[in-house]
1. What is the chain's relative contact order, in percent, from Cα pairs under 8 angstrom and six or more apart in sequence?
2. Note down the nm distance, to one decimal, between modelled labels 7 Å out along Cα→Cβ at A72 and at A30.
3. Taking other Cβ within 10 Å of each residue's Cβ, how do L490, L415 sort, fewest first?
4. Between V100 and residues 5 or more places away or on another chain, which pairs have amide H atoms under 5 Å apart, with H built 1.01 Å from N, and which residues are they?
5. Between rounded, prolate and oblate, where does region 222-295 land on the alpha carbon gyration tensor, with a ≥ b ≥ c its root eigenvalues, rounded for a/c under 1.5, else prolate if a/b exceeds b/c?
6. Can you give me the C-alpha center-to-center distance between region 211-260 and region 390-419, rounded to a whole angstrom?
7. Which of rounded, prolate or oblate describes the chain when judged by the alpha-carbon gyration tensor and an a/c cut-off of 1.5?
8. Work out from phi, with θ = phi - 60° and the Karplus expression 6.51 cos²θ - 1.76 cosθ + 1.60, the ³J(HN,Hα) of each residue of region 80-96, listed in order in whole Hz, and give x for Gly and Pro.
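Nothing in this text is a laboratory measurement; each read-out follows from the coordinates by a stated rule. Values in this document were obtained by computation on a predicted structure and should not be read as measured data. Heads up, the Cβs are rebuilt from the backbone with ideal geometry, glycines too, and the neighbour counts pull from every protein chain shown.
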Amino acid sequence: MVSNDGGAIIHARRAEPTVTTSEEQSEAQARVHVFRDDALGDHDAVGLAEAIRRREVGAAEAARDAAARVGAVESRLHAVQVHLDVPAHGSAPAGAFAGVPTFVKDNTDYQGLPTGHGSAAFAPRAARRHAPFTRQFLSTGVTVLGKTRLPEFGFSPTTEFEGAEPVRNPWHTDHSAGGSSGGSAALVAAGAVPIAHANDGGGSIRIPAACCGLVGLKPTRGRVVANAQGRRLPIDLVTDGVVSRSVRDSAAFLAAAEQHWRNPGLPPVGLVEGPSDRRLRIGLLVDSPNGVRVDADTRAAVTETAERLERLGHTVEPVELSIDPHFTDDFLTYWGMLSFLLGVTGRTLGADFDRSRMDGLSRGLREAYVGKWKRTPGVVRRLKRTREAYAAGFRGLDVILSPVLAHTTPPIGHLNPAVPYATLIERILAYVAFTPVNNVVGTPSIAVPAAHTTADGLPVGVMVSGRPGAERTLLELAFELEADRPFRRLQDS
């Protein structure tokens, strides 16, 4: 335990093995949610903030009831890394989300709380100050209850660990909640909090949103404040944002974040409050640029969404993205470079950092990079050229509709970092086949739940991507899809 500057006692999760009984295994197959008749009700973040402003509920009451919900669900979902016993209220009492309880992802510094990055390779120490994005997030008025779990250093598309409980999907706890923002997505989908911090370096907002039936907007590079580490890299892949249960929450977050800081090099977004009357030319991309074919449920989700958009008056036509055939290998090499740099500089995170304790995925990425490091300049050049192919694919189009993932949410264990590296990478590439392009190019992309679900009721996400600065268009189209067929709710299933 450590104490933050406000005197609150925090409890940090340690990565310890657990034993699962047959009774627990049976229980883990059920859906899990904590929607109930309390201060939170089934409000989204905008609705709860309005109730607090109208004094129908108090911010302290909302924080208390959210903490109780987290306590009720945590033994099933394992989504929380650090609990704050005393909630930390945001810096803007009149902010858009004033009094709304939330969590910060555990790869982002929050003053007084340890930042563990999901890794067992070191003992994290308390952060001395807030990260720049944390200050931007707090400017919206949120109340922070703690930090959420992520896979080691955010490298994996599932939030699973070697020797510790995975984060489980509240729609079906035998399945992954996605990654890397899996802890945040699990809490929001289950109703523990209405909105939570997430960030995206290869799909890490959009993937867990798709897995958990949420909205996940990856903003344009530079739309929100950048983290210091990313600015020093040849390509800054990571953008911060939130996962939410409604389009209006993601829209309200972006508008509120702009009130704290706005990039003058991008067109302002402002507050998007609903669909536009403008009809769009939409490209339909069903199979991925790297040649991976999607599964039947995913194909049905995307084609049904395309048909809905045509019915709503938009023009939808097939499109191809002529991405460099080296893209997948180059992205993996760049990802491996990040793991290698972490292994070299890890003692800045903790004096006891031991790279041999990094998990199998991190080690495999690092070791693969060691054999290819001389290729780094060419890799970076080719990745930077991806923006030209991306722009060419948008000629005559406003947005592109695609899957988020190549197949539906996998069971726990399929992508566990203990799986042999060669098999694990093959599985990851057969799953994460659409999202990384936006991270390399720096373009905005939003995941929303499709109307189609799997036979066992799991959500399937679809993705709409745009040109740099096109967040308003993406949000307007997401609003239209949500209005046409409201997103399925876990509490109603």
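1. Details: 1165 pairs, mean separation 83.6, N = 493.
RCO, the chain: 17 percent.
2. For the pair A72/A30, the computed spacing is 1.3 nm.
3. Values: L490 19, L415 24.
Ascending number of Cβ neighbours within 10 Å: L490, L415.
4. Excluding prolines and chain starts, which carry no amide H, the hits are T143.
5. Numbers: a/c = 1.95, a/b = 1.13, b/c = 1.73.
Oblate.
6. 18
7. Numbers: a/c = 1.31, a/b = 1.07, b/c = 1.23.
Judged from the Cα gyration tensor, the chain comes out rounded (a/c under 1.5).
8. 9, 8, 9, 9, 9, 5, 10, x, 9, 7, x, 7, 10, x, 10, x, 4
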